[in-house]
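Structure first, commentary second.
The values are calculated or read from the model by the stated rules, or taken from the named source; none is laboratory data. Predicted, not measured: the structure shown is a model, and the values here were computed from it. Virtual Cβ from ideal backbone geometry, glycine too; neighbours counted across all protein chains shown. Keep in mind that these areas ignore ligands, DNA and RNA; they rest on the heavy atoms of the full protein, side chains included. Shrake-Rupley method; radii C 1.70, N 1.55, O 1.52, S 1.80 Å.
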Amino acid sequence: MTIEAPVETRPNRYALKALLASSVGYAMDGFDLLILSFSLGAIAAHFTLSPGESGMLATVTLIGAVLGGAIGGVLSDRIGRVRVLTVSILVFAVFTAATGLSPSHGWLLFFRFLAGVGLGAEYGVGMTLATEAWPSKWRARAASFVAVGWQVGVLLAAGVSAWALSHPSIGWRGLFLIGAIPAVLAFFTRRHIDEPEMFTRMERSKNPVRELFSTATRIKHSVAVMVLTSVQNFGYYGLMLWLPSYLSKQHGFSINKSALWTAVTVLGMIIGILIFGVLADRVGRRPMFLAYQVGAAVSVVVFSRLDDPIAMLIGGAVMGAFVNGMMGGYGALTAELFPTHARGTAQNLLFNVGRGIGGFAPWLIGLVVGWRGFAFAIAMLAAIYVIDLVVTLALVPERKGVELDGVGEASVPI
């Protein structure tokens, strides 16, 4: 039984607008990271980079996201969700375009870091906006729709990358210039969204970061979310940033075939995310996390042993459904674990700490690839989902059906 909320039980027009704005912004983040993935080979050839140096381009982007997430999260709890989203997308757009103009590897690293700073605020602030706007009965589904935005951006990146990289006159530099265009469009989408009522009537916290560690329970919840999101990001970036190269070098896939595999895998991710959101609202957050963690560990090992192209397409879709299907769950769970005056900080800081830790995956996998090969490096990722499983069992409470009161703690089920 849960405490009933004196609010609407179905999403209103504002909730739909907030969801659209958050999803579109997150789509641009996915677009940027995946055009980097498809460009790694061309960039490495242009600057004569080793696998480790190539992987570091993604790593510094994600480290920048940690800084952007920390700054953006705190500011979103101080000055507003929508304002921070607007500024972050402009920073992101400028330095995504600058990436395509980089004269050297050093400048490339610098611009990727700053693009990451803009990217870092995107997920957490958008997820906060969406989860505060939607009723508790639909919260996991709303968070899942935001997460699906990333995958739509990835699909767009797969198609645009295949086209741009096949035309020498455009190449990887032109691809990043193109990548800034949709980000500008996302900026205009946000101009028509007001701050959520829950934010406007809350008391501001002088130190929202301290709120995340103010009690033993908050510390436990913060550690749990950081571990879960670290595993999520490590697995996701480790797979998605290196698998196009893996398919090309180990199995002889062309750019177009690699793009097809990516598209099918991402479709699997979209299906997995949407199923997670629906079932998490019906049966609970914990059961769905546990089921998907087991599925991720098994599917990664199975995929690493496949060599038939058709089997790899199907296996990639199944693996994608489990590995990334949990994304919507993090947004809903984090919203329900922390009070409104620190919710933006929690969503941004905790997720982006996980993103920063996960950001080492492309670099570490690049080192393992040079040592034992692609297949071994991919299979090795299965172990991280066992860690995920243990932390979920030990530290993650069930929060299905709780109401966010708009001022302090979420109302807890009784």
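In the range 358-371, which residues are farther than 16 Å from residue 237 by Cβ and at pLDDT 75 or above? Of everything in the range 358-371, just one residue is farther than 16 Å from residue 237 by Cβ and at pLDDT 75 or above, namely 371. For the range 284-300, a residue qualifies if it is more than 13 Å from residue 324 (Cα to Cα), of a type outside the set (Lys, Arg) and in contact (Cβ under 8 Å) with a residue 24 or more places away in the chain, and the qualifying residues are 284, 290, 298.
Considering the conditions (1) closer than 26 Å to residue 69 by Cβ; (2) open to solvent by 10 Å² or more (accessible area, probe 1.4 Å); (3) modelled with pLDDT under 75; (4) of a type in the set (Gly, Ala, Ser), residue 411 is excluded by exactly one of them, (1).
Determine, yes or no, whether residue 380 is open to solvent by 20 Å² or more (accessible area, probe 1.4 Å), farther than 22 Å from residue 282 by Cα and within 22 Å of the chain's Cα centre (by Cα). Yes; evaluated as a whole, the condition is true for this residue. Candidates 39, 50: the one that is under 27 Å from residue 260 (Cα atoms) and open to solvent by 30 Å² or more (accessible area, probe 1.4 Å) is 50. Among the residues of the range 96-123, those that are assigned to a helix (DSSP H, G or I) and open to solvent by 10 Å² or more (accessible area, probe 1.4 Å) comprise 97, 98, 105, 106, 107, 109, 110, 111, 113, 114, 117. Would a scan of the range 350-373 turn up a residue that is in contact (Cβ under 8 Å) with a residue 60 or more places away in the chain, touching a Pro at 6+ places or on another chain (Cβ under 9 Å) and either among the basic types (Lys, Arg) or crowded, with 24+ Cβ neighbours inside 10 Å (or both)? There is at least one residue in the range 350-373 that is in contact (Cβ under 8 Å) with a residue 60 or more places away in the chain, touching a Pro at 6+ places or on another chain (Cβ under 9 Å) and either among the basic types (Lys, Arg) or crowded, with 24+ Cβ neighbours inside 10 Å (or both). The residues of the range 83-109 that are under 21 Å from the mean Cα position of the chain (by Cα) and over 20 Å from residue 28 (Cβ atoms) amount to a single one, 109. In the range 28-40, the residues that are modelled with pLDDT of 85 or more reach residues that are assigned to a helix (DSSP H, G or I) and aromatic (Phe, Trp, Tyr) with C-beta atoms within less than 6 angstrom, at least six apart or across chains, in these pairs: 39/172.
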